[in-house]
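Novice: Can you read through this structure? Questions will come right after.
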Amino acid sequence: MSGHQNAELAKRFFDAVAASDLVTIQSLLADDAELTLPGSFSRAGVFKGRDEFLRGVGQLVEASDGTLRVELLNTFVNGVDGDQVIGCYHGTGTVNREPLDEHNAFLMTCANGVIVSMVDFYGDLVPRQTTFARFTSSQSSWSLAWRLRQAM
């Protein structure tokens with residue numbers, strides 16, 4: 001795919017996250033997709049495989065009690081035929097009754113029309129660590145919803 005098509009893939013991913021569209025999100029991920037949420041807070045980690053990638057994203061939505069909103073602000077690609085997309089996004093919501101208002105970035109690697117990896121970068125890690133550290137849950141509601149849909 002071209003760099004432009006991969007930038008469009010990133011846009012479709014963020015639109016699907018904003019709409020909580022699990023079917024579309026799943027269709028945009030490689031079977032072995034990997035999500036990295038850096039840091040030492042409770043939601044950080046490397047999530048390998050499509051279901052784990054969904055769990056990684058879903059736990060952030062769950063921590064916000066569904067208030068998390070993401071808006072893709074811009075994207076950059078590594079050339080006309082580039083397989084990497086860097087983007088900036090604005091995330092808002094409420095976690096533990098505290099407002100969340102972040103400007104973050106990501107590095108997404110694409111291949112054959114799907115996302116193979118994504119690394120999140122935080123504009124300010126201290127609020128992320130303190131806000132999300134107080135939220136604990138054993139499993140994401142997105143992950144549960146996805147498993148229920150597969151069982152149907």
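The values are calculated or read from the model by the stated rules, or taken from the named source; none is laboratory data. From a predicted model like this one, the values you see are computed outputs, not experimental measurements. Cβ sites come from the backbone with ideal geometry, for glycine too, and all protein chains shown count toward neighbours.
Novice: Name the single residue, out of those in the range 77-98 being in a strand (DSSP E or B) and more than 28 Å from Ser64 (Cα to Cα), that is nearest to the chain's Cα centre (by Cα).
Specialist: Going through the range 77-98, the residues in a strand (DSSP E or B) turn out to be 77, 84-95, 98.
Retained after the next criterion (residues that are more than 28 Å from Ser64 (Cα to Cα)): 77, 84.
Values: Val77: 18, Gln84: 16 Å.
So the residue we want is Gln84.
Novice: Being aliphatic (A, V, I, L, M), surrounded by 14 or more Cβ atoms within 10 Å (Cβ to Cβ) and in contact with a His (Cβ under 9 Å, 6 or more places away or on another chain) is true for just one of Leu54, Leu22, Leu72. Which residue is that? Lay out the reasoning, then the answer.
Specialist: On the way: Leu54 fails: in contact with a His (Cβ under 9 Å, 6 or more places away or on another chain); Leu22 fails: in contact with a His (Cβ under 9 Å, 6 or more places away or on another chain).
After applying the criteria, what remains is Leu72.
Novice: Sort through Glu62, Glu71 and tell me the only one that's outside any helix (DSSP H, G or I) and either at pLDDT below 85 or within 17 Å of Ala10 (Cβ to Cβ) (or both).
Specialist: Glu71
Novice: Out of Ala7, Ala44, which single residue is among the small types (Gly, Ala, Ser) and free of Cβ contacts under 8 Å to residues at least 12 places away in the same chain?
Specialist: Ala44
Novice: Go over the candidates Asp120, Asp101 one by one and state the one that is among the charged types (D, E, K, R), crowded, with 19+ Cβ neighbours inside 10 Å and either touching a His at 6+ places or on another chain (Cβ under 7 Å) or assigned to a strand (DSSP E or B) (or both).
Specialist: Unique residue meeting the criteria: Asp120.
Novice: Being of a type in the set (A, V, I, L, M, F, W, C) and in contact (Cβ under 8 Å) with a residue 40 or more places away in the chain is the filter here, so list the residues in the range 77-105 that pass it.
Specialist: Listed by number, the residues that qualify are Val77, Val80, Val85, Val95.
Novice: Kindly indicate whether any position in the range 26-45 is among the acidic types (Asp, Glu) and crowded, with 17+ Cβ neighbours inside 10 Å.
Specialist: Yes.
Novice: Listed residues Asp15, Asp83; which is touching a Cys at 6+ places or on another chain (Cβ under 6 Å) and surrounded by fewer than 18 Cβ atoms within 10 Å (Cβ to Cβ)?
Specialist: Unique residue meeting the criteria: Asp83.
Novice: Does the range 33-55 contain any residue that is β-branched (Val, Ile, Thr), closer than 18 Å to Phe106 by Cβ, under 11 Å from the mean Cα position of the chain (by Cα) and not in a helix (DSSP H, G or I)?
Specialist: So far as the range 33-55 goes, yes, one or more of its residues are β-branched (Val, Ile, Thr), closer than 18 Å to Phe106 by Cβ, under 11 Å from the mean Cα position of the chain (by Cα) and not in a helix (DSSP H, G or I).
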